[in-house]
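What follows is calculated from the coordinates using simple rules that are stated; it is not laboratory data. Because the structure is predicted, anything quoted here is derived from the model rather than measured. Ideal geometry is used to build each Cβ from the backbone, glycine not excepted, and the neighbour counts take in all protein chains shown.
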Amino acid sequence: MIFDISNIARNKFLRSLPCVRNGGLDKTRSKFMSLVSQNSELGEHDSQTLLSVNHLTVDYVSLDGHVRVLNDVSLAVKSGEVVGIVGESGSGKTTLGLAILGLLDTPPATIRTGEIVFEGKNLLKLSQNELAQIRGAQMSIVLQESVEALNPVYKVGFQLLEAFEAISKHEKTRYDPTNARNQVLKLLEELCISQPEAVLEKYPHELSGGMRKRVAIAMAIIQRPKLLVLDEPTTGLDAYVQSRLLKLLKQLNQKYKVTMIIITHDLPLATNICDRIYVMYAGRILEEGDAKRVLKLPLHPYTKALVSAVPTGFEDAPPLQVPPGEPPDLKRLPNGCKFNPRCPNKMKICEEKEPQLVQHGRGLVRCWLYDDKNT
């Protein structure tokens, strides 16, 4: 990555959330709404679309000038849907997730064009106070470094129970500490945390990475946002904990209709939990489609390379094929298709002109192999 934006985003998120102030939780939250699961293929907003990103372009300022990290990105997420954003490091997927939450510091980030529409409102036109009313209550993010989401000087139980107290005061209902504690314990059990009573009495640094990740997810669930963004939710977890966490996320989506965006470099993981997948490369969407179709019948050569690099676990499986070459330098991108230096199907036009994102079947692909203009 060109910039280490994790701490910037973490600090801005904590400062701006109306539910975090001086280590405690403020008294604001919107009521939870059940959402209906749907599907989406285009980036335009309609009555069933919870979130749409339209033609978003983002630059970062560097010593060498402006570096384009997102280039004309469009996507749509419907209520109750789980959407994956997949790509190598430096593809722009984390920047996209932070932009959706309004967590990009400007500078170094500059949003050049586009809009981010959530429930019919363009978030890029809202004031910081208006964004604060949406963030946390209606939209939330679990950062890759989950320890950053928890206050190190307060016990886990204090932070989780304060969330319930904030909900009660916002909804003008009586706060019952015993009932709140029981609900917290039940939630931690659902998150596969053993001995939840003991966990409530611990500080964040006393928990393992997997525990902290699940506590951070619990904090997000307590806020009951309509949209939950998870950045590399299984990073640093062993296979067993990963499996249990994915099962939990599926339950959250199915039981509470929580809409999710899963940001990951792990294509099989995304296929396991997501309804649809967007594949990103060099700040661009290269492919979009049904998750299972993308894994079984990938269209773009880059997606095919990602699939070929996935181990199958079978002894007679063909050797793994790692995508050739190195991830692109965003400061020195090639002409034409940005994947062309690494592409086994490269044609002359690939080096001359960048293809558009076109419809192919029920999905989208950015490749001259599927563009009628090349036939």
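Can you run the Rg to Rh ratio on region 175-229? Use alpha carbon positions and the Kirkwood inverse-distance Rh.
Ratio of gyration radius to Kirkwood radius: 0.97.
How compact and how long is region 77-160, expressed as Rg and Dmax of its alpha-carbon atoms in Å?
14.8, 43
Would you report the distance distribution of C-alpha pairs in region 170-310 as whole percents per 5 angstrom bin, up to the bin with the largest distance?
2, 8, 17, 19, 17, 14, 9, 6, 5, 2, 1, 0
Report the trypsin sites (Lys or Arg not before Pro) located in region 163-204 that are in a DSSP loop and have at most 10 other Cβ atoms inside 10 Å of their Cβ, or state none.
Taking region 163-204 and a limit of 10 other Cβ atoms within 10 Å, the loop trypsin sites (Lys or Arg not before Pro) found are 172, 174.
Please compute, over every Cα-Cα pair in region 70-113, the percentage with a separation greater than 13 angstrom.
Every Cα pair in region 70-113 considered, those over 13 Å come to 63 percent.
Working from the alpha-carbon coordinates of region 153-249, get Rg over Rh, Rh being the Kirkwood radius.
Radius of gyration over Kirkwood radius for region 153-249 works out to 0.97.
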